[in-house]
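Written below as C-alpha cells is the structure these notes are about.
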Amino acid sequence: QVQLVESGGGLVQAGESLRLSCAASGSIFRINTMGWYRQAPGKQRELVATITNGGRTNYADYVKGRFTISSDNAKNTVYLQMNSLKPEDTAVYYCKVEIQGMDYWGKGTLVTVSS
C-alpha cells in the first residue's frame, strides 16, 4: 500500500503565494512520476504539473510561469510552489504518484483564492 499526504492548502488573496507538499509512504520501490492535479467545483479534474524521477517537468498552459513543481526523491516528496494566484486557481489540489504502472492519489488539499 502507498499513502499520500498533502499539505499546504488554504485561503489566500489574489496575487499571493502558497506552497503545497505531498509525501508518499508505504510500499514504494521506485516512483516514476509525481504530479499535481486540481478539480474546481463543477469541473473535471485537470492536470497542473508533473515531474519525473529524472527531473523532467510538464506544466499545464494556465499555470506556466506562475507555478513550479519540484521533488525530493530521497524523501518521496513533491512540492508545488504557486505564485501570483488567481481566483480561477481555486480548487482541490490532488497529488498523484505513478509506481510501476500504478497510480496512487492523495485525498486532496483545498486552495481558495479570493479576489
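The values are calculated or read from the model by the stated rules, or taken from the named source; none is laboratory data. Since we're looking at a predicted model, the values are computed, not measured. Using ideal geometry, Cβ is built from the backbone for each residue, glycine included, and neighbour counts are taken over all protein chains shown. These area figures cover heavy atoms from the full protein model, side chains too; ligands, DNA and RNA do not enter into them. Shrake-Rupley method; radii C 1.70, N 1.55, O 1.52, S 1.80 Å.
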Going by the structure shown, is I28 closer than 26 Å to Q1 by Cα, surrounded by fewer than 16 Cβ atoms within 10 Å (Cβ to Cβ) and of a type in the set (V, I, T)?
yes
Members of region 72-101 found to be among the aliphatic types (A, V, I, L, M) and in contact (Cβ under 8 Å) with a residue 40 or more places away in the chain, listed by number:
V78, L80, M82, L85, A91, V92, V97, I99
Could you tell me which residue of region 31-53 is nearest to the chain's Cα centre (by Cα), considering only residues that are open to solvent by 50 Å² or more (accessible area, probe 1.4 Å), at pLDDT 95 or above and among the polar types (S, T, N, Q)?
Q39
What number of residues within region 69-91 are within 14 Å of L47 (Cα to Cα), over 10 Å from the mean Cα position of the chain (by Cα) and assigned to a strand (DSSP E or B)?
1
Within region 11-25, can you find the residues that are surrounded by fewer than 16 Cβ atoms within 10 Å (Cβ to Cβ) and closer than 23 Å to K96 by Cβ?
S17, R19, S25
Answer with yes or no whether L110 is open to solvent by 40 Å² or more (accessible area, probe 1.4 Å), closer than 18 Å to R45 by Cα and in a strand (DSSP E or B).
yes
Within region 64-106, track down each residue that is within 13 Å of L4 (Cα to Cα), open to solvent by 40 Å² or more (accessible area, probe 1.4 Å) and of a type in the set (A, V, I, L, M, F, W, C).
W105
